[in-house]
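Trainee: Take a look at this one; I'll ask things after.
The values are calculated or read from the model by the stated rules, or taken from the named source; none is laboratory data. Note that the coordinates shown come from a computational prediction; the quantities given were computed from them, not determined experimentally. All Cβ positions, glycine included, derive from the backbone under ideal geometry; neighbour counts span all protein chains shown. Heads up: the accessible areas ignore ligands, DNA and RNA and are worked out on the full protein's heavy atoms, side chains in. Shrake-Rupley method; radii C 1.70, N 1.55, O 1.52, S 1.80 Å.
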Amino acid sequence: MTVQGHPAATADSTDDFLARSASGDQVAFAALYDCTIPRVLGIITAVLRDPAQSEEVAQEVYLEVWQHAPRFDSAKGHATTVIFTLARRRAIDRVRASQASRDRDLTVGIRDREQPFDHVAETVETSLEYQRVRRAMERITPAQRRVIELVHDEYLDQAAVAERLGIKVGTVKTRLRDGLIALRRELTTSDEPEEASSPRTCGSDAVEVRPSWPSRAWRPPPSTKPTHRFWPRKRDEKCCGQRLGFLFGGKMSHTRARSRANSLPRSVRRRGLAAVGLAGAVVILLTGCISIGHGADSISKRHHSASARPTATASDSASASADPGPESGSASAEPVAPDPANSRPATPEPVATPVPRPTLTAVPRGTVVAEGDVASPKGSIHFHYRMVADGDNTYSAQYSGFTSTLPVPVSATLIDIAPKVGDGLTYHGVGDHRLGGPTTTAAPTSTASLGGSGQPSYLGTLVTYSSAPSESGVPTEIGPNKVLAVTSIRWSIPVRQSNVHPVDHGTRPYAAGALTATTARGTPKQYRVATGDTTAEVAARFGISTEDLIWLNANLEVFGDQQYLYASTTLNLDPDSL
């Protein structure tokens with residue numbers, strides 16, 4: 001075969017052409033081109049199916065062959081194999097590039113396309129979510145709410161919150177955890193909107209819907225027998241059903257109307273929320289379900305029902321006067337719901353027979369409750385630690401044999417959540433203590449008090465970190481607050497003896513919460529408060545006095561004269577946990 005005056009192409013001849021092209025021989029490269037171009041175009045066209053793009057890719061292939069000809073090694077393969085493989089790869093690359101370009105154009109087009117957006121529905125939904133969160137925040141305890149606000153709104157860590165409020169870090173953690181659990185429970189159980197507090201009428205049958213007492217905090221004590229009605233009559237529910245039926249076309253029952261509404265897609269219900277509210281108002285005005293023109297009497301009723309405390313009707317007042325509640329001021333007044341927002345510290349109730357004050361025997365002074373050695377991963381830091389009881393229910397950390405080859409001062413502290421080596425320490429834990437600077441001679445023994453942290457077994461990690469004053473001239477890995485070593489602490493604290501021995505006698509009225517944890521000996525350890533629990537009844541359930549319960553739970557907060565406990569609060573029942 002002869003192509004433009006060149007002899008028939010063979011593997012050896014193409015290898016020779018490519019080798020001569022490496023030295024800049026244009027005649028040899030032209031011969032190589034003439035020998036291989038038909039096959040190269042065939043390979044590329046089979047992939048691209050476009051003659052114009054095939055010619056462009058073929059030009060790129062031969063340009064690359066000319067530029068990289070000096071790299072050709074005939075011992076590794078023939079020139080035709082190299083050129084044909086390169087042609088196929090460049091054709092596939094062109095297909096992928098074209099597809100990527102189309103995908104990119106499609107993505108940009110979708111991104112730049114303005115989607116229809118219902119600002120009214122979005123605003124209504126945001127407002128409803130805000131109201132739900134606000135109501136849930138109002139139903140948790142003031143102490144829990146304050147801690148959550150400081151952490152979320154002011155971006156304070158737990159140590160800063162404890163310093164701001166003048167309480168222990170452990171107390172901050174407990175309030176934050178209990179508050180978040182209570183807040184999540186409120187948000188998941190309060191999806192139904194609150195009942196309207198204004199008088200509502202339907203035709204001639206007027207029913208006043210009274211605001212309910214705090215749903216999570218109060219139930220009438222045993223001596224109170226309220227006879228008030230807090231829910232609308234069946235006729236009022238029927239009236240609501242008729243309104244919903246009108247909105248969905250035709251009359252239907254209350255149950256059927258609600259089922260019909262719930263069957264709609266959630267997006268439709270959300271986007272139609274504002275329109276349904278407006279239509280509902282129009283329907284109410286047209287059907288006469290609101291009384292207009294009652295003058296001063298109507299205004300007085302609305303103002304009265306919006307007050308914080310419900311008042312009884314004539315028949316209700318007669319019932320209330322027959323059996324007044326303990327919190328009523330007179331025989332004719334109905335029982336008043338205590339306000340959870342008015343929290344106060346729990347106080348022991350007076351008892352006829354004096355009971356011994358609660359006591360807790362301290363671990364003997366000098367008892368070693370934890371001990372071990374610390375060595376950094378690179379071996380630059382070594383020391384020995386001992387955790388020793390002080391004899392007054394407090395503990396100290398003793399450090400000995402400290403050596404360091406690092407050019408920065410080193411400190412140690414105890415925390416409950418273990419970081420990783422190399423992390424930046426933002427919370428300096430309990431018993432923060434500076435061990436010293438670089439030294440090859442063992443430093444003398446030093447001691448750091450763990451303060452009034454109580455039972456220290458929750459501090460499961462000893463963290464060694466850099467105390468460099470600044471980052472200037474210091475490598476990043478040993479900069480200020482960089483964690484240098486993390487050591488797990490194995491505590492062995494003897495069980496302390498106490499004259500308080502809680503025993504669970506089972507649920508009872510106003511002490512219906514759940515026992516969530518027990519000690520290794522099987523005794524009660526933690527109790528989750530239920531709605532309506534009181535300090536006296538909870539203490540009686542576990543066979544201890546109110547004073548014992550308050551002693552086990554420092555800073556315990558209650559509300560109302562009956563000392564109601566805040567629901568979802570976790571109470572400690574184990575003296576050894578103090």
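Trainee: On the protein heavy atoms, probe 1.4 angstrom, tell me the percent of accessible surface of region 118-188 carried by carbon and sulfur.
Mentor: That share works out to 55 percent.
Trainee: Leaving out ligands and nucleic acids, and using a 1.4 Å probe, what accessible area per residue does region 437-549 come to in Å²?
Mentor: Heavy-atom accessible area per residue stands at 47 Å².
Trainee: For region 44-96, with all protein chains present and a 1.4 Å probe, just round the carbon and sulfur fraction of the accessible area to a whole percent.
Mentor: That share works out to 49 percent.
Trainee: Would you mind classifying region 395-444 by shape? Square roots of the alpha carbon gyration tensor eigenvalues, ordered a ≥ b ≥ c; an a/c under 1.5 is rounded, otherwise it is prolate if a/b is larger than b/c and oblate if not.
Mentor: oblate
Trainee: Now for a different question. Please report, for the Cα atoms of region 55-140, the Rg to one decimal and the Dmax as a whole number; what are they, in angstrom?
Mentor: 29.3, 83
Trainee: Further, regarding this structure: Rounded to the nearest percent, how much of the accessible area of region 399-445 (1.4 Å probe, protein heavy atoms only) is carbon and sulfur?
Mentor: Solvent-exposed carbon and sulfur of region 399-445 make up 56 percent of the total.
Trainee: Another question, then. Rounded, prolate or oblate for region 337-392? Axes are the square roots of the Cα gyration tensor eigenvalues, ordered a ≥ b ≥ c, and the cut-off for rounded is a/c under 1.5.
Mentor: Oblate.
Trainee: Then there is this: Which length gain, in nm to one decimal place, applies between D339 and T523 when the Cα-Cα distance is subtracted from 0.36 nm times their residue separation?
Mentor: 62.8 nm
Trainee: Averaged per residue, what accessible area in Å² does region 40-141 show with a 1.4 Å probe, protein chains only?
Mentor: About 69 Å² of surface per residue is accessible.
Trainee: How many times 2.2 N^0.38 Å is the alpha carbon radius of gyration of region 353-478?
Mentor: 1.24
Trainee: Taking the Cα-to-Cβ direction at T85 and at S127 and moving 7 Å from each Cα, how far apart do the two end points lie in nm?
Mentor: With each label point 7 Å from Cα toward Cβ, the separation is 7.0 nm.
Trainee: Within a Cβ distance under 13 Å of I544, other residues only, what is the Lys/Arg minus Asp/Glu net charge?
Mentor: With Lys, Arg at +1 and Asp, Glu at -1, the net is -4.
Trainee: While we're looking at this one, here's another question. Highest mean first, what order results for 526-538, 439-451, 352-364 on Cβ atoms within 10 Å?
Mentor: 526-538, 439-451, 352-364
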